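These notes are about the structure you will find just below.
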Amino acid sequence: MSDKPPIPASLEAELRAEFERAWRQELRRTIPVKDRMRIGRRAMPQRPAGQRNGDFEEVNLGLGPEDAVIEARRCLDCAKPACVTGCPVRIDIPTFVKLVEKGEFAAAAAKIREANSLPAVCGRVCPQETQCEEVCHLRKATGVPVAIGNLERFVSDFERREGGSVFPACAPPTGRKAAVVGAGPAGLTVAGELARRGHEVTVFEALHEAGGVLVYGIPEFRLPKSILVAEVAYLERLGVEFRMNFIVGRTATVDDLVAEGYGAVFIGTGAGLPNFMGIPGENLVGVYSANEYLTRVNLMRAYDFPRYDTPVWPGRRAAVIGGGNVAMDSVRTAKRLGAEEALIVYRRSRAEMPARIEEVHHAEEEGIAFHFLTVPTRYIGDGRGRVRAMECLRMELGEPDASGRRRPVPVPGSEFTTEVDLVICAIGQSPNPLIPQTTPGLRVGKWGTIEVDWETMAASLPGVYSGGDIVRGGATVILAMGDARVAAAAMDRRLREGPAPKSGTGPEGKA
Amino acid sequence: MPRVVRRERLVPNIHLLEVEAPEISRKCRPGQFVVVMPDARGERIPLTIADWDRGRGTVTVVFMTVGTSTRKLALLGSGDTVPIFAGPLGRPSETGNVGTVVCVGGCYGIASVHPLARAYKEAGSRVVVVVDVKADYLFYWRDKLEAVADELIVSSRDGLYGDTDYVPRRVRAILEREKVDRVVAVGCTYLMSSVAEATRPAGVKTVVSLNPVMVDGTGMCGACRVTVGGETRFACVDGPDFDGHLVDWDELYARRKAYFDDEIRSLCAWEEERFP
């Protein structure tokens, strides 16, 4: 598995052709490269920290059109655009950025959509600093890359605001049916790609809203639900059918779907099973998995309790265990729900934190305290089953481990106790075992991940494909989408080459 | 959205809800549950499947009105819809010909224990059903239970069935009377824990169907974690059935009460809105 495999020759030729177009050549001539390099990166406007940490409205406001055009001028329009290699779904970044520079925002949006079904989502949640922006030649030259993520967000927001997306050209109906299991980033991407290729796509989702981690995990202040609703509506316009509250593995098995005439099945059920540390007191009331905490708040709208029926414990002193994006989302949510103190407890140091830099900055601005090189060893109850304190151990960094990060080593005798009445464990998830358990013959790896051929994302059963966290164990939205594009191409080939569709009409009874 | 075929009050505070759910009715087996959300602002709650009709494509649950969600469900009528009726979830109970099985049910569990008793009976077991009710007017499904039980014992505090003995003592009396191979208990946590205590000295295998707080019901959130035999298990995917002698009951009591104050607040807010 590689995050950044080389660009195929066909795509390289396409990029080259776009690069050679007359309008691009002319645009390159309008401003000399050294002038472009002198333009400063446009800052993302955001709401003041003291205001936003008390509500769930979006933190970032998005670039305005003038700033977007100026930001786009910073792009040097390189002959060999490294940014595209840094993008797991291979957006033609230079072309879309140069369309922004020309002020053709709708065309820029359409260009992104050729490779990315969820641009408004990716513009907000992708870790650009380790992908497209990390390899940007401008970054190598000046230290400050083109704000590709902010531009992606700008054009997709423009598209949504200005009355909808440019509808992509769809292939004529093939009459072939595909099933997608799980409406998360991978599933939604496969659905969009296959629908555009003319196939009938049904998405089966266990929860009552589409989006997977985008709806239950990522909070409103980082990814407003209205954006996801718009992206899902776009897929529905492409003809994708959504079957909600349908638990593949229980309501019907993968074998049932194949028997019902789905010529290809994509499994994108994610890494749903929360990990705990296995330390004493973890089942005390007030100790949550990040999944539960965020699901209550985001999917079930506990921030609007009692107008919505699902409650959540707000806590006065909240500790979030972990240093990833989920930990940042959890701790910032706890602050917003009224915790007087909300802290991150992370066993390594700042440099090893896997969270996006922007999320860490936002958390700091919002008054989150960071306790590095600290690990909880047990939770202490109040005698009535509720957490009241936690015992921690200080760590120091030792030799690098398998991930290349320096391994935290306990400092003997450094135990200390600190009062907390809310603990959120954000230390990762494992693959959801439901489908592997109920699908005989589906090969899984040591950690319960589904094994695939990385060239096609085909699993060990004919016609079954998979991608995202159920294959990777725990990665990012955009890597899941990259897998999904590979899988969709292979599924398209299989559907076209496969037997003519049976007359089956799919599962009976609409949800 | 799934359509309600029938909603009726069986006895005060306990209601039956039959919902059109052809896929679930085709797949469900005794011991499994559905996750139900009564309306768009509701909570996702797990309810044990009490019966199903594959011909009509319906699934029946029986619930007690306690909080906001169950109060909302109790106001539904035939033709209404519920936004979520998802399942079947959880591992099916392991039933079969085990010899003699004592099936204990109380309140909503009187209905939940019915498909279990039926499955044991169909597999060839001798089935003794023990029902715990506070008073005779709280006893329902007598005919359904009589149809599957070799013996039906009703313990009612008002003595109208000739037996006021509390259920755990009743179960112990059966263990003294004859050889019992398995005990199954479904109902409130108190009923299940006290039955498990009653059978512990004799060491008779006792299966309980746990009822912790859940959110998604598919293994994603871990709200329903319980300690069984010293290990953390998720009731939704590892259960809901567990060995009653290995369950950490004190922890389960505490976790079930986690939102007690919020539940009252929620109910008050809803009543003010619904009945101004």
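The values are calculated or read from the model by the stated rules, or taken from the named source; none is laboratory data. Since the model is a prediction, treat every value here as computed from it, not as a measurement. Cβ coordinates were reconstructed from backbone atoms using ideal geometry, including for glycine residues, and neighbour counts include every protein chain displayed. The accessibility values were calculated without ligands, DNA or RNA, using every heavy atom of the protein model including side chains. Shrake-Rupley method; radii C 1.70, N 1.55, O 1.52, S 1.80 Å.
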Residue A:160 passes all but one of the listed conditions (1) at pLDDT below 95; (2) assigned to a loop (DSSP other than H, G, I, E, B); the exception is number (2)
If you check residue A:319 against the conditions, is it more than 13 Å from chain B (Cβ to nearest Cβ), hydrophobic (A, V, I, L, M, F, W, C) and at negative phi? yes
Residue that is farthest from the chain's Cα centre (by Cα) [pool: residues in the stretch B:249-262 that are open to solvent by less than 100 Å² (accessible area, probe 1.4 Å) and within 8 Å of chain A (Cβ to nearest Cβ)]: B:262
Among residues belonging to the stretch A:118-137 that are polar (S, T, N, Q) and part of a helix (DSSP H, G or I), point out the one that is farthest from residue A:186 (Cα to Cα). A:130
Among (1) free of Cβ contacts under 8 Å to residues at least 24 places away in the same chain; (2) in a loop (DSSP other than H, G, I, E, B), where does residue A:236 come up short? (2)
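Inside the stretch B:163-230, counting only strands (runs of 3 or more DSSP E) that do not spill past its ends, which hold 2 or more residues that are without any contact (Cβ under 8 Å) to a residue 40 or more places away in the chain and within 11 Å of chain A (Cβ to nearest Cβ)? Break it down into steps so the answer makes sense when it comes.
Numbers: elements: B:182-186, B:206-209, B:225-228.
Per the criteria, B:225-228.
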Looking at residue B:271, is it assigned to a helix (DSSP H, G or I), open to solvent by less than 70 Å² (accessible area, probe 1.4 Å) and closer than 25 Å to residue A:310 by Cα? yes
Residues that are among the acidic types (Asp, Glu) and crowded, with 24+ Cβ neighbours inside 10 Å: list the strands (runs of 3 or more DSSP E) wholly contained in the stretch B:28-86 that include at least 3 such residues. none
Residue A:355 vs (1) among the aliphatic types (A, V, I, L, M); (2) out of contact with any strand residue (DSSP E or B) (no Cβ under 7 Å at 6 or more places or on another chain); (3) not in a loop (DSSP other than H, G, I, E, B): all pass except (3)
Scan the stretch A:93-117 residue by residue and report those that are within 23 Å of residue A:9 (Cα to Cα), in a loop (DSSP other than H, G, I, E, B) and open to solvent by 20 Å² or more (accessible area, probe 1.4 Å). A:114
Condition check for residue B:265: basic (Lys, Arg), crowded, with 21+ Cβ neighbours inside 10 Å and within 14 Å of another protein chain (Cβ to nearest Cβ): no
Within the stretch A:300-329, which residues are in a helix (DSSP H, G or I), touching an Asp or Glu at 6+ places or on another chain (Cβ under 7 Å) and either at pLDDT below 95 or open to solvent by 10 Å² or more (accessible area, probe 1.4 Å) (or both)? A:325
Looking at the structure I just gave you, is residue A:211 surrounded by 24 or more Cβ atoms within 10 Å (Cβ to Cβ), under 30 Å from residue A:72 (Cβ atoms) and within 14 Å of another protein chain (Cβ to nearest Cβ)? yes
Pull up the stretch A:450-501, narrow it to residues that are touching a strand residue (DSSP E or B) at 6+ places or on another chain (Cβ under 9 Å) and modelled with pLDDT under 90, then point me to the one that is nearest to residue A:128 (Cα to Cα). A:474
Considering residues of the stretch A:274-287 that are in a strand (DSSP E or B) and open to solvent by 10 Å² or more (accessible area, probe 1.4 Å) only, the residue nearest to residue A:395 (Cα to Cα): A:274
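Of the residues A:125, A:121, A:135, which is aliphatic (A, V, I, L, M) and open to solvent by 20 Å² or more (accessible area, probe 1.4 Å)?
Values: A:125 fails: open to solvent by 20 Å² or more (accessible area, probe 1.4 Å); A:121 fails: open to solvent by 20 Å² or more (accessible area, probe 1.4 Å).
Unique residue meeting the criteria: A:135.
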Out of (1) more than 7 Å from chain A (Cβ to nearest Cβ); (2) outside any loop (DSSP other than H, G, I, E, B); (3) surrounded by fewer than 23 Cβ atoms within 10 Å (Cβ to Cβ), what's the single condition that is false for residue B:245? (2)
Quick test of your reading of the structure: residue B:97 fulfils all but one of (1) out of contact with any strand residue (DSSP E or B) (no Cβ under 9 Å at 6 or more places or on another chain); (2) among the polar types (S, T, N, Q); (3) more than 21 Å from residue B:185 (Cβ to Cβ); (4) surrounded by fewer than 22 Cβ atoms within 10 Å (Cβ to Cβ). Name the failing condition by number. (3)
Among (1) in contact (Cβ under 8 Å) with a residue 60 or more places away in the chain; (2) closer than 30 Å to residue A:497 by Cα; (3) hydroxyl-bearing (Ser, Thr, Tyr), where does residue A:251 come up short? (1)
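Considering each of A:68, A:22, A:13, A:17 in turn, give the residue that is within 30 Å of residue A:358 (Cα to Cα) and not aromatic (Phe, Trp, Tyr).
None of the other options fit; the residue is A:68.
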Cβ-Cβ distance below 8 Å, separation of 6 or more or different chains: which pairs start in the stretch A:357-371 with a residue that is free of Cβ contacts under 8 Å to residues at least 12 places away in the same chain and end on one that is assigned to a strand (DSSP E or B) and open to solvent by less than 50 Å² (accessible area, probe 1.4 Å)? A:364/A:370
Could you tell me whether residue A:146 is open to solvent by less than 50 Å² (accessible area, probe 1.4 Å), closer than 29 Å to residue A:209 by Cβ and within 22 Å of the chain's Cα centre (by Cα)? no
Quick one: would you say residue B:78 is in contact (Cβ under 8 Å) with a residue 40 or more places away in the chain, closer than 30 Å to residue B:39 by Cβ, among the polar types (S, T, N, Q) and in contact with a strand residue (DSSP E or B) (Cβ under 8 Å, 6 or more places away or on another chain)? yes
Being without any contact (Cβ under 8 Å) to a residue 40 or more places away in the chain and surrounded by fewer than 22 Cβ atoms within 10 Å (Cβ to Cβ) is the filter; apply it to the stretch B:1-24 and report the residue that is farthest from the other protein chains (Cβ to nearest Cβ). B:8
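Determine whether the stretch A:237-246 contains at least one residue that is facing another protein chain (nearest Cβ under 9 Å), open to solvent by 10 Å² or more (accessible area, probe 1.4 Å) and at pLDDT below 95. Working first, answer last.
Of the residues in the stretch A:237-246, the ones facing another protein chain (nearest Cβ under 9 Å) are A:244-246.
Of the ones still in play, those that are also open to solvent by 10 Å² or more (accessible area, probe 1.4 Å) are A:244-245.
Among the residues that remain, those that are also at pLDDT below 95 are: none.
Scanning the stretch A:237-246, I find no residue that is facing another protein chain (nearest Cβ under 9 Å), open to solvent by 10 Å² or more (accessible area, probe 1.4 Å) and at pLDDT below 95, so the answer is no.
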Kindly provide the set of residues from the stretch B:102-131 that are outside any helix (DSSP H, G or I), aliphatic (A, V, I, L, M) and closer than 22 Å to residue B:190 by Cβ, ordered by number. B:102, B:104, B:128, B:129, B:130, B:131
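Rundown of residues vs (1) touching a helix residue (DSSP H, G or I) at 6+ places or on another chain (Cβ under 9 Å); (2) within 27 Å of residue A:127 (Cα to Cα), yes/no style:
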site: A:199; (1), (2): yes, no
site: A:210; (1), (2): yes, yes
site: A:231; (1), (2): yes, yes
site: A:242; (1), (2): yes, no
site: A:258; (1), (2): no, no
site: A:282; (1), (2): no, no
site: A:292; (1), (2): no, yes
site: A:303; (1), (2): yes, yes
